[in-house]
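K.L.:
Input: one structure, supplied below.
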Amino acid sequence: MTEKTAAKKTAAPVAGPYRTDDAWTLAHGTAVAAYRKDPVARATMTVLTHLAWRAPAATVAWHKGTSATMTAHAATLGVEPGMPVADAVALAVASLPDGDAKKPLADAAAALTPAKK
């Protein structure tokens, strides 16, 4: 197997939204439960839930009816419309308090991050 073929077989799936990836879905669900009592972390998980509807290679965009509270919290994290979704997810995950739920979420996000060109 050539290096190029090996890279293709191990490349992260970046076409579909995060929410269709099993590892992401499991890690996200665990983190939602783990952070539910921390209001700031819970707000960050809401941002991540919104971002999970997009593909890692897409750009951040909010629908017309998206909560102003959620978009304001996203902005405090540095998440802005037009930025790459994978970068936005990384910012949001990094802002979460350390704990057992953070590493699996960070690992799942990293696995879906498109390679930089």
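Read-outs throughout are calculated quantities, based only on the coordinates presented, and are distinct from any laboratory measurement. None of the values given here were measured: they were computed from a predicted structure. Ideal geometry is used to build each Cβ from the backbone, glycine not excepted, and the neighbour counts take in all protein chains shown.
K.L.:
Return the ratio Rg/(2.2 N^0.38 Å) for the chain, where Rg is computed over Cα atoms only. Could the numbers behind the result be given before it?
P.N.:
Numbers: Rg = 14.5 Å, N = 117, 2.2 N^0.38 = 13.4 Å.
In units of the 2.2 N^0.38 Å rule of thumb, it is 1.08.
K.L.:
Right, next: What FRET efficiency comes out for the pair Met83/Arg19, r = Cβ-Cβ distance, R0 = 22 Å, nearest 0.05? Walk me through the numbers on the way to the answer.
P.N.:
Numbers: r = 19 Å, r/R0 = 0.87.
That pair, Met83 with Arg19, gives E of 0.70.
K.L.:
Provide the FRET efficiency to the nearest 0.05 for the Thr66-Val40 pair, computing r from the beta carbons and using R0 = 25 Å.
P.N.:
Details: r = 19 Å, r/R0 = 0.76.
Using R0 = 25 Å, I get an efficiency of 0.85.
K.L.:
Please list, in order, the residues from the stretch 42-60 whose amide nitrogen is less than 16 Å from a point placed 7 Å along the Cα→Cβ vector of Lys116.
P.N.:
What the label zone holds, given the 16 Å backbone N cut-off, is 57.
K.L.:
Which angle from 0 to 90°, rounded to the nearest 10, does the C-alpha axis of helix 39-51 make with the longest principal axis of the chain?
P.N.:
40
K.L.:
Another question, then. Between 0 and 90 degrees, rounded to the nearest ten: what's the tilt of helix 85-95 against the longest Cα principal axis of the chain?
P.N.:
50
K.L.:
Modelling each spin label as a point 7 Å along the Cα-to-Cβ direction, I'd like the Asp107/Thr59 distance in nm, to one decimal.
P.N.:
The modelled label-to-label distance comes out at 3.4 nm.
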